[in-house]
Amino acid sequence: MGCNDPRPQLGSKVYAGSVAAGHALLHWCWHRALNRLHWRPASAKLNDRKRFATVIRKSSLTFIDKPQRAGTRLNYMTGTNTTDRGTDDKTIVRDYFNSTGFERWRRIYGTTAEVNKVQRDIRVGHQQTIDTVLAWLQADGVTTGQTICDVGCGVGSLSIPLAKSGARVFASDISEKMVGEAQARAQQELSNNSSVTFSVQDMDAIAGSYHTVICLDVLIHYPLADAVQTISRLAASSEERLILSFAPKTPLLTLLKKIGEFFPGPSKTTRAYQHTERDIVAALQAEGFAIRRQAMTSTRFYFSRVLEAVRERNA
């Protein structure tokens with residue numbers, strides 16, 4: 001059996017980048033407005049500018065006072081939808097997570113202290129999503145002896161704990177480097193790493209049947225039409241349960257993302273797509289699944305909606 005994916009990792013990467021840029025910009029504009037209402041010494045205003053520059057720097061944002069130079073303005077970590085629109089999303093995801101994105105997200109999804117405050121916040125948010133899914137499965141006794149397909153496994157953040165819990169895990173990712181890192185971590189952490197199988201696979205190549213199929217922080221990289229097709233493929237391989245996450249499309253988060261998009265960075269990145277819960281639920285229902293559990297992970301820079309769906313006969 002083989003499972004597969006097009007993913008990188010979550011909830012909200014590029015999306016979180018756009019939101020981070022939006023947060024920083026709104027924060028700065030707010031203080032600019034206050035400065036106009038109240039006279040303050042020039043030295044105090046200079047300190048404000050320094051503090052803003054510090055926020056930008058710590059958030060891995062790049063600010064250029066002359067944005068006309070190469071169109072470079074603000075960029076958070078992976079950037080904000082600055083990729084070549086002539087390239088398909090799957091190729092962009094694969095190339096990014098096999099190059100500059102790999103080291104960046106390997107650190108975020110690891111334990112190294114070599115991360116800034118924003119990256120650490122995303123690490124916390126991602127782990128909360130992982131913990132939520134593990135708690136759901138363990139509460140239902142799904143992890144012991146069951147087959148689980150982790151689509152878009154990344155560095156094994158979910159696959160390895162599932163294997164430790166007694167599940168038979170089939171994990172895949174579109175990125176060869178991510179899979180290599182996951183295999184290395186599994187070898188270090190698992191006494192019997194035969195309980196998890198990793199493979200480099202495109203999501204279109206998913207095959208076999210599994211008790212539970214999980215796809216976390218993948219749909220953010222694909223527009224709605226592709227996301228619906230992905231859900232259909234995953235549902236076809238799921239015997240009982242399908243768990244997935246997506247970047248929620250809400251008025252506030254959409255506004256923050258739009259603000260961030262006014263300040264693209266120069267580096268090549270993945271695109272970020274938000275989805276409404278209504279659209280995702282409709283896609284699941286069309287495949288014969290009903291929502292059983294739902295959760296929202298929300299930190300300062302990480303936003304991820306998680307849904308657990310079961311086949312109608314088991315709802």
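The residue list 171, 96, 155 was ranked by how far each Cα lies along the charge dipole of the stretch 81-172 toward its positive end, using unit charges on Cβ atoms, and 155 comes out on top.
So for the pair residue 209, residue 127, with labels modelled 7 Å out along Cα→Cβ, what separation do we get in nm? Rounded to a tenth, the inter-label distance reads 3.9 nm.
Using Cα positions and a limit of under 17 Å, work out the aspartates and glutamates in reach of residue 164, with same-chain residues fewer than 8 apart set aside. Once the sequence-local aspartates and glutamates are set aside, what remains near residue 164 is 131, 140, 150, 189. Both numbers refer to the Cα atoms of the stretch 116-191; Rg and Dmax are 12.8, 39 Å.
Between residue 236 and residue 184, the simple spin-label model (points 7 angstrom out along Cα→Cβ) gives 3.5 nm. Taking amide H as placed 1.01 Å from N in the peptide plane, the amide H of residue 218 sits under 5 Å from that of 245, each at least 5 places away or on another chain. Largest first, the extents of the alpha carbon coordinates of the stretch 168-222 on the three principal axes equal 35, 26, 17 Å. For the stretch 92-222, a Kirkwood radius taken over Cα pairs fed into Stokes-Einstein (20 °C, viscosity 1.002 mPa s) yields D = 143 µm²/s. Each Lys or Arg adds one and each Asp or Glu takes one away; over the other residues whose Cβ falls under 13 Å from the Cβ of residue 288, this sums to -1.
Rule-based calculations on the coordinates, nothing more; no lab input. Every value quoted in this text rests on a predicted model; they were computed, and no experiment measured them. Positions of Cβ are backbone-derived with ideal geometry, glycine not excepted, and every protein chain shown enters the neighbour counts.
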